[in-house]
Amino acid sequence: MKFFKKSDDMQQGFIIEDLRQKVSAAAMPHPVQTIAEQELELLTRISPSAAEFTIGITYIDYLVSLPWNKRTEDTVDIVLAERILNENHYGLDRIKERIMEHLAIKVLMMNRKPRILIVDDEEIARKNLSHILAKEQYEVTAVADGEQAIREMESSDFDVLLTDLRMGRIDGMDLLERARTRFPETRVIVITGYASVPSAIEAIKKGAFHYIAKPFKLDEVRDTLKRALEQRSLKPSTKGSVLCFAGPPGTGKTSLGRSIAKALNRTFTRIALGGLKDEADIRGHRRTYVGAKPGRVIEEIRRVASSNPVIMLDELDKIGRDFKGDPASALLEVLDPEQNRSFTDHYLDVPFDLSSVMFILTANMLDTVPAPLRDRMEIIEFSGYTQEEKARIAEKFLCPKQIREKGLSSRQVAFTEPALGAIIQDYTREAGIRSLERRIATICRKIARESLKDHSSAEIVTVSPAAVEQYLGKKKYHFDVIEEKDRVGVATGLVRTETGGEIIFIESARMKGTKELIITGSLGDVMRESAQAALSYIRSNAASFNIPEDFFELHDIHIHVPSGAIQKDGPSAGITILTSLASLLTGRPARRDVAMTGEITLTGRILPVGGIQEKVLAARRARVRTVLVPARNRADVEELSVDVKKGIDILLVDSVAEVLDAALVRNP
Ligand code: ADP
């Protein structure tokens, strides 16, 4: 018995000693190291067979494995960064431009040395202090009087002003007051002579951060400066501090995120927010039981072994449904520069500085994102590619990649331009290029198999439209817009969904009944209300539509939107519902190749809607000829590139009459 006890003791001592060495090698911040040492001390007094011992050991082991001080050096070369974004992505010019601007500012801010302005009329004091602080990695400017100091502060932004109190023209106290009112963000430290503590106290009353007495002790200067800077850095601007890429799947959000990391020379990792169920998935579990774990953010940082990675938080809009706790506030702790400097994961129980992590959020739709989060984001919209862009991306990136990945070479396989066009038009219907990539992969896989079978790999396989049909089967999509006839009661609408712009057909029917309005097709509340509003508008203007007065008394109306599996909502189907009803009740067929989007009010005003580019792209995919857009979306239409608008007529509409004039076939 005794023997075993002794061996246990030895083992315990060994484990603890091992951890002690790791703790001192882990380069933790001082307070964290102290806590780790205290924990270790506690463990020496716990039996190794107790659960607490295992929990404690696991915890300290985790602490030492975090990259407290490990980080990658940022590339500050903005030209190189731009080249990397361009090399990996075709098009997206406006998006790349916004990203480059964001990066430039971010890199400048993150790598900016703290700026100190020294004001002292004694040259020796000025020189000494400048010399010392410059060695400590501060950017130092020194001037001899208050006037010059104000001029310096007008021309650049200083973090700390270190000023002597007794000087010539403007004395330190004056300077302090002027600096506090004009540059409130700059912390002021005053330097006083031995005997002037009362004036130092007065200075603090007037808003100085602290004072240093002359002759200064180096440690005191260092320490005071550090504290002043800490206070200052708690107040960085929070607006737009996190990039958010919003748009349909397959539009290059993730791959641009990767390129940003590469351009900055940082590691990259993703967290799928859609998969999180609980606040503890973000903030960690308290360390009270054996299986307790830190949250995903800390865990990813540990996994990539760097304290400044690029972390992409995917699917922001998928979070929330059956999530336990408040996801927005947990995320704010992670993202908000005012809070994330001392992010405390419940498992770690000590702060970990997330301020140099670069977070990028992604979302398909932003409608459900809470306002406090949205405030912190700089939103960049990815709205999808045109047919031509897709063909270029396929040719330059997707085909070469799939050919390579399937063990073939570009000497063996060539996709013709018409074949790419056929894959895009007949086998995919999407804003992004995910299915396109999958279809190309399928073709390459089949070619690879054939090349093994008939050993004729020396010959080049040319993929033509006929070959596409042979590899992928009959075409998957038909053009229900141009391939079908105009009908009474069926109007073509454009909506935005998670997968980008979509075309929908809204159908109305009438039957004998008692004034009822039936609405079917998985419509959300907002869309149902649009339907009510459209019907009320028509009823209140029945005479102008030549509808008999008692018509509504004697009939039911049914509005239906097919493809019931897709949940549809939003106000932008208003004018489409109106057109469908007007067509039904006037007997004039609605033109199938005229697609529309726009909200309608009870009085027939047409209000602007979102997602214009996505919708126009969807219209082009479906080969619609004319698109009706609210006149108040004029600016969005003007922003569309020539490519997006090619082959399509966009009409800006301001009234119901204009909509119906364009959408309904003239009375035969
Ligand atoms: P998302 O994150 O928006 O769903 P991804 O970044 O995963 O989309 O993109 C899907 C695929 O398409 C990836 O292989 C990506 O490299 C490629 N891709 C997307 N946009 C472009 C582009 N503009 N140029 C080149 N490749 C692209």
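The values are calculated or read from the model by the stated rules, or taken from the named source; none is laboratory data. The structure displayed is predicted, hence computed values, not measured ones. All Cβ positions, even for glycine, are placed from backbone atoms using ideal geometry, and neighbour counts span all protein chains on display. Note: areas computed on protein heavy atoms with side chains; ligands, DNA, RNA excluded. Shrake-Rupley method; radii C 1.70, N 1.55, O 1.52, S 1.80 Å.
Per-structure values
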item: Distance between region 533-580 and region 146-214 - C-alpha centres, whole angstrom; result: 70
item: Percent accessible area from carbon and sulfur atoms, region 538-668, protein chains only, probe 1.4 Å; result: 50
item: 1.4 Å probe accessible area per residue over region 11-143, in Å²; result: 57
item: For region 457-509: relative contact order, % (alpha-carbon pairs under 8 angstrom, 6 or more apart); result: 23
item: Listed residues 150, 140, 207: farthest to the positive end of the dipole of region 127-218 (Cβ charges); result: 207
item: Percent carbon-and-sulfur accessible area, region 333-458, ignoring ligands, DNA and RNA, probe 1.4 Å; result: 47
item: At R0 = 56 Å, FRET efficiency that the Cβ-Cβ distance of residue 475 and residue 70 yields, to 0.05; result: 0.60
item: Which of 384, 368, 397, positive extreme of dipole for region 359-407 (C-beta unit charges); result: 397
item: Over 26 Å between alpha carbons, listed pairs 515/615; 262/646; 390/485; 401/446; 135/205; 22/324; result: 515/615; 262/646; 390/485; 135/205; 22/324
item: With all protein chains modelled, accessible area of residue 314 [1.4 Å, Å²]; result: 10
item: For region 520-668, convex hull volume per residue from C-alpha positions, Å³; result: 110
item: Rounded to the nearest 20 debye, dipole of region 517-668 from Cβ charges on Lys, Arg, Asp, Glu; result: 600
item: Helix 434-454 vs. the chain, principal-axis angle (Cα, 0 to 90°, nearest 10); result: 80
item: Sum of -39500 (n - 2.57) over DSSP H runs of 4+, divided by residues of the chain (222 nm, nearest 500); result: -13500 deg cm²/dmol
item: Heavy-atom SASA rank of 147, 639 (probe 1.4 Å, accessible area, largest first); result: 639, 147
item: Over region 295-392: Rg over Rh, Cα atoms, Kirkwood Rh; result: 1.04
item: Under 5 Å, built H, 5+ apart or other chain: amide partners of residue 278; result: 324
item: Estimated inter-spin distance, residue 139 and residue 34, nm [label 7 Å along Cα→Cβ]; result: 3.3
item: Per residue value of the accessible surface for region 509-580 (all protein chains in place, 1.4 Å probe), Å²; result: 50
item: Cross-link reach list, lysines versus residue 512, counting only Cα pairs under 19 Å and skipping chain neighbours closer than eight places; result: none
item: FRET efficiency, residue 147 to residue 77 (Cβ-Cβ, R0 35 Å, nearest 0.05); result: 0.35
item: Area of residue 623 that stays accessible when all protein chains are in place (1.4 Å probe, Å², to 10); result: 100
item: Pairwise FRET efficiency - residue 563 versus residue 93, Cβ, R0 = 51 Å, nearest 0.05; result: 0.90
item: Set of aspartates and glutamates near residue 476 by C-alpha distance (under 14 Å), chain-local residues within fewer than 8 positions excluded; result: 426, 430
item: Area accessible to solvent at residue 139, 1.4 Å probe radius, in Å²; result: 90
item: Region 322-386-region 609-668 distance, computed between alpha-carbon centres (Å); result: 36
item: Space enclosed by the convex hull of the alpha-carbon atoms of the chain, per residue, Å³; result: 257
item: Centre separation in Å (Cα based) which lies between region 69-126 and region 434-504; result: 44
item: Charge dipole magnitude, Cβ of K and R +1, D and E -1 - the chain, Cα centre, debye nearest 20; result: 1600
item: Relative contact order (%) - region 395-502, alpha-carbon pairs under 8 angstrom, separation at least six; result: 34
item: Relative contact order %, the chain, counting alpha carbon pairs below 8 Å whose residues are six or more apart; result: 10
item: Percent accessible area from carbon and sulfur atoms, region 83-171, protein chains only, probe 1.4 Å; result: 48
item: Antiparallel content of DSSP bridges confined to region 507-654, in %, to 5; result: 40
item: Ranking by accessible area, most exposed first, for 537, 385 with a 1.4 Å probe; result: 537, 385
item: Exposure rank, largest accessible area first [499, 416, 288, 386; 1.4 Å]; result: 288, 499, 416, 386
